[in-house]
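Below is one structure, written out as structure tokens, with a few remarks after it.
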Amino acid sequence: MATESPLSTFGAGKVILLGEHSVVYGHSALAGPLSYGVRARGVPAKKCQLALPATLSRAQRALLTGAFARAAKLVGEPAVKVTLDPELPLSVGLGSSAALSVACARLLLRAAGQEPSPKEAARLAWEMEQEFHGTPSGVDHTTSAHEKLLLYRRAPGAASVGRGRSVDSPRPLKVVVALAGERSPTKVTVAGLRARQARWPERYQRLFAQIGRLAMEGAKAVEAGDLEALGDAMNVNQGLLAALGLSSPPLEEMVYRLRGLGALGAKLTGAGGDGGAVVGLFVDPEPAVTQLTRLGVRCFSSQLAGPRAS
Ligand code: MEV
């Protein structure tokens, strides 16, 4: 992943291979870091401040300022001016807010004279994530801070962060991420599902538990180097996400496109809803990226884990 100079820090985006949404209800999710993320840069200043990107709406500016102030206060508001440089499409389900939170957390800790461990960066980033999402599961910022493929489970109680177990892959784990249109904010999709599960709790809990089992089976498949089994778990997970009301025609169409291009498994990733990102598992992703790009689809490939070509 990217190297860091003293006042330039990085937070990785993430991709959830298995288990989004059910992770909010205490089940496992399998997620890995992307090589794209958000970079934060800091210069000495009279007071601790965040330079806001001009493109943001008034509401986004207020949210970002509040989240940054919450984290800054916890490290004694070091005298630094922070600017952000996102390399990741924002608000499509790739963990841009978590990446931003981790980049800011690392920068604030460094500016305060501390060398941040992944755990400390995650702890501070969690403060910002709660401002952005209310009661997130914590899978996004934990994956970003640890920069590893993780089998993650949230700790009981909204006030605590969950735990991620590192999942080692003997084979390169390569994905294509393709964007399938605009989507509603994560908060809205999560709230819609919460209302449905409150009305029909047994039915929905059954599906959440099935998805959690798929995430655990997927982690085992990764460790055994069985990419076909991981791909199958992703396909089944997509069916269950559709059953939960989280898929839509643009997402389904992209899922089938990726499968048609040779994906071992493909599914929506992140919050889903009326659009967003789709992830496909590939042995060799580049021909699919070339083909999709030719068709005008915004996409990229990334390696989430496993040995890299030297
Ligand atoms: C968002 O990237 C993943 C969700 O499961 C929400 C969360 O985990 O907080 C939809």
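For the reader, a short list of remarks on this structure follows.
- The single condition from (1) under 30 Å from residue 294 (Cα atoms); (2) of a type in the set (S, T, N, Q); (3) at pLDDT 95 or above that residue 210 fails is (1).
- Counted residues, segment 70-86 - those being in contact (Cβ under 8 Å) with a residue 60 or more places away in the chain and of a type outside the set (A, V, I, L, M): 1
- Subset of segment 25-52 (residues that are buried (at least 21 other Cβ atoms within 10 Å of the Cβ) and within 22 Å of the chain's Cα centre (by Cα)): 27, 28, 29, 30, 31, 32, 33, 34, 37, 38, 40
- From the options 103, 69, 122, residue that is within 14 Å of residue 38 (Cβ to Cβ) and not assigned by TED's automatic domain parsing to the domain that holds residue 191: 103
- Residue 202 vs. criteria open to solvent by 70 Å² or more (accessible area, probe 1.4 Å), of a type outside the set (A, V, I, L, M) and at pLDDT 95 or above: yes
- Of all the listed residues (231, 225, 192, 239), the sole one being among the small types (Gly, Ala, Ser), in a helix (DSSP H, G or I), in the same structural domain as residue 290 (by TED's automatic domain parsing) and open to solvent by less than 20 Å² (accessible area, probe 1.4 Å) is 231.
- Lone qualifier among 144, 96, 101, 169 - being open to solvent by 10 Å² or more (accessible area, probe 1.4 Å), touching a residue at least 40 places away in the same chain (Cβ under 8 Å) and within 13 Å of the ligand (Cβ to nearest atom): 96
- Test: residue 131 is open to solvent by 50 Å² or more (accessible area, probe 1.4 Å), modelled with pLDDT under 95 and part of a helix (DSSP H, G or I): yes
- Within segment 176-189, being within 15 Å of the ligand (Cβ to nearest atom) and surrounded by 22 or more Cβ atoms within 10 Å (Cβ to Cβ) holds for 177, 183, 186, 189.
The values are calculated or read from the model by the stated rules, or taken from the named source; none is laboratory data. This is a predicted model, so every value here is computed, not measured. A quick note on method: Cβ atoms are made from the backbone with ideal geometry, for glycine too, and the neighbour counts reach across all protein chains shown. Side chains included, ligands, DNA and RNA excluded: accessible areas come from the protein's heavy atoms. Shrake-Rupley method; radii C 1.70, N 1.55, O 1.52, S 1.80 Å.
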